[in-house]
Amino acid sequence: MNSLFTYTDASTDTEARRVSVVVPVLLDASYDYLVPDDLDVEPGSFVLVPFGSQQRIGVVWDRLDEGASKVDVAKLKPIIATLDVPLLPTISLRFVEWVARYTLTPRGMVLRLTMGAPQAFEPEKPRFGVRLAGPEPARMTDGRRRVLEVASDELIRAKGALAAEAAVGIGVVDGLVKAGTLVQVEIAARKPLRPQPDFAQPDFQGDQVAAVHALQAAVDAANYNVTLLDGVTGSGKTEVYFEAVARALEAGRQVLILLPEIALTGQFVARFEERFGVPPVEWHSGVAAAERGRNWRAVGEGEARVVVGARSSLFLPFRDLGLIVVDEEHDSSFKQEDRVIYQCRDMAIVRASLGEAAVVLASATPSIESHVNARSGRYRHARLTERYSEAELPTIEAIDLKVNAPERGSWLSPILVEALKETHAAGQQSLLFLNRRGYAPLTLCRSCGHRLNCPQCSAWLVEHRFRERLTCHHCGFFIPVPEHCPKCGDRQSLVACGPGVERIAEEVKERFPELRTALMSSDLITGVRGMRELLAKISGGEVDLIIGTQIVAKGHHFPNLATVGVVDGDLGLGMADPRAAERTFQVLHQVTGRAGRAHVKGRGFVQTHLPEHPAMESIVTGDRDAFLDYEIATRQAALMPPFGRLAALVISAKSQPAAEVFARTVARSSPRARAVEVLGPAEAPLAVVRGRYRYRILVKATRDIDLQAFIRAWLAGLPKTKGDLRLVVDIDPYSFL
Ligand code: ADP
Ligand code: ZN
């Protein structure tokens, strides 16, 4: 494995004690260090090294940098210590290099993604629990009695858990420790429980059977392969890919299930537990720091068998990853847009190919990229064409707003209002979808026509009536809702234009005061926990009508939801974005697919000004292939992904002329190559963000071009960026703003 040099040779040959270390900072290079005689290091060891004036944790690499100038051994600084954590596996080293090369990001920055749990690198603090041991306390209270009842099984519990179970404050437990009735004992570090592959296997029906076999075979092959699990909403994709998970577990390999962050709700974890007997190991922003640290170690030790996580879990130090499931694979939130700019679904496929793993891409509306790969035979294709059990797909109707306009000052057309009434009368739930947070996207002065803008971005301020603020959705700037127009000073001349979800909620309250409503929007729901609570309420029938943004479109299963209304089906169409039609189709399909997933018959209504658009027609007729054929042909003709390759160069600076001049210099210095087009620079649609002026250059190439090599050569010939000038490379861009 390590042919270049030996690490552990304790001979007097000091050259043999030289190792290369990569440090998680904005640098591509590795640095050589000396291994002191009393330390053992291997490729992948986490080590503490002197770095400039600081000490940093880095990783011992298994290759020397080619062509790097070699510091004389005598001058090397020694490694300070090796850390007592699992090694970073060789596959992870290769993966870091691969992602760095592909995304044109310094290797240190990608390495940093593998170290996303600072607490994993600190010694674990011992944790204490309490157990019943001594005599009853002299003074007895109701609270104390409840604690003693719970503790009577003599199990060890954390203090907080015991207090919660007995419904007392933690002080009551502390009191009993003081009295000697409870004793403190150290809790051994908790190992994740092992999921049981055969805990509760369901019976499969119809085309589920063939899909299960296909996925089992893919895992059994024990090599790299990709299967597109393409099934209509409610067809049982999760149940089906759980069988692939079971198979990988039986083979003793680890599994990663990637979900869009927002779908990481209690529902999924509960379903996993029903199927495998224990909850999975979770990895996302809602996991507390200490638990993150424990989970990171458990993955590296191979103890964590199944990880359910968001994007960054792809960089965990898996020892033997046999299967990666990417659920909702089409979801554009898999594209990370800052620091290391990468498409998680695509990198999951790379990770699998490096480690002989199978990949399952699951979706009801797979991306055009995945469809093309399935049609060409590069991916296997498993299809589920029917909903499970009696559930039928909803019927979808387009409401042409040119014909059925809402009344003045209202946003819901009479047809939709009628449908909501009927649904409620039948004791069923409805959902109104609008992908716009806040109350109104624009505030305007009736007297002078002034529009309220963000002072640092080229964007309107969005009114959030609930928080009584006008907010910029790009930089977070906000002001209280003003009483006077800031331009002409008129009082009460400001009017809200257009709807956001809060305004729809207001209309619903006026029309249907008797309905119990829930407003779901990322700015109103804080964290995974708040989301879980709200979802439980909805499933439990405590809500009649849900009003929500994007976050309700994904993955949720509400058995009693019968009617879905899309307030504005045209949002997202008509932007200068090659994936706009695809995304609109996916969102409309997903959100209307929430209706009628169990015993109730589902109906979907889409309000639109463009009923004749191919994306809209396919939604209504349910003829997905018609849309795919149209969209694939369009992309092929324009050499858009996946038929051609794209990269964006985004140049920004605090001064508009500086940004523009540099953008022109960049464009002018591009190497000439057959089959590569350099378009721009153009002012970005979002021309100013946080006070920075932005220009974009789009690079378009045919598939056979090594786009990264082209851009690398280009950047190498540019003058160094000075001052606050910034140039960001976005390979395979998803955002064109
Ligand atoms: P999808 O992910 O395709 O939208 P789900 O996996 O969520 O579909 O399945 C929809 C519902 O049908 C869920 O409640 C699921 O538990 C149930 N279901 C699907 N297949 C089966 C099966 N074979 N046996 C029992 N329940 C099933
Ligand atoms: Zn702003």
Tell me, rounded to the nearest percent, the portion of alpha carbon pairs in the stretch 127-187 spaced more than 15 Å apart. 35
For LYS601, give me every one of the lysines with a C-alpha distance below 21 angstrom, ignoring sequence neighbours fewer than eight places off in its own chain. LYS237, LYS421, LYS554
Any idea what diffusion coefficient the stretch 10-119 gets from Stokes-Einstein, in µm²/s, Kirkwood Rh on alpha carbon pairs, 10 °C, 1.306 mPa s? 112
Centre separation in Å (Cα based) which lies between the stretch 227-288 and the stretch 37-92: 36
Report, please, the projected area of the stretch 644-731 averaged over directions, based on the convex hull of its C-alpha atoms, in nm². 5.3
Apply the a/c threshold of 1.5 to the C-alpha gyration tensor of the stretch 207-384 and tell me whether it is rounded, prolate or oblate. rounded
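Just to confirm the filter: which GluC sites (Glu not before Pro) across the stretch 603-660 are DSSP coil and have at most 16 other Cβ within 10 angstrom of their Cβ?
GLU612
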Among the Cα-Cα pairs of the stretch 126-261, the proportion with separation greater than 18 Å, in percent, is 66
Please calculate the 1.4 Å probe accessible area of LEU26, with all protein chains present, and give it to the nearest 10 Å². 130
Taking the convex hull of the alpha-carbon atoms of the stretch 444-498 and averaging its shadow over every direction gives an area in square nanometres of 3.7
Counting only helical runs of four or more DSSP H residues, what would the 222 nm mean residue ellipticity of the chain come to if each run contributes -39,500 (n - 2.57) and the total is spread over all its residues? -8500 deg cm²/dmol
The percentage of the accessible area of the stretch 127-187 (probe 1.4 Å, all protein chains present) made up of carbon and sulfur atoms, to the nearest whole number, is 54
Going by average Cβ neighbours within 10 Å, how do the peptides 361-374, 281-294 rank, with the highest at the top? 361-374, 281-294
Once you treat every alpha carbon in the chain as an equal point and sum by Debye, what is log10 I(q)/I(0) at q = 0.05, 0.08, 0.09 Å⁻¹? -0.30, -0.79, -1.00
For the stretch 644-731, dividing by residue count, accessible area per residue (probe 1.4 Å) in Å² works out to 51
Cys with no candidate disulfide partner in the chain (beta-carbon separation under 4.7 Å rule): CYS344, CYS475, CYS497
Between the stretch 480-534 and the stretch 627-662, how many Å separate their Cα centres? 35
Taking a probe of 1.4 Å, how large is the accessible area per residue of the stretch 207-384, in Å²? 28
Taking a label point 7 Å from the Cα of SER389 along Cα-to-Cβ, the residues of the stretch 209-242 whose backbone nitrogen sits under 13 Å from it are 234-236
Most packed first (mean Cβ within 10 Å per residue), the peptides 587-595, 251-259, 401-409, 511-519 order as 587-595, 251-259, 511-519, 401-409
State which entries of LYS402/LYS537; LYS402/LYS509; LYS70/LYS722; LYS125/LYS537; LYS335/LYS722 exceed 32 angstrom in Cα-Cα distance in the structure shown. LYS402/LYS537; LYS125/LYS537
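The values are calculated or read from the model by the stated rules, or taken from the named source; none is laboratory data. Owing to the predicted nature of the structure, the values given are computational and were not obtained by experimental measurement. Backbone-built Cβ (ideal geometry, glycine too); neighbour counts: all protein chains shown. Please note that ligands, DNA and RNA were not included when accessible areas were found on the heavy atoms of the full protein model with its side chains. Shrake-Rupley method; radii C 1.70, N 1.55, O 1.52, S 1.80 Å.
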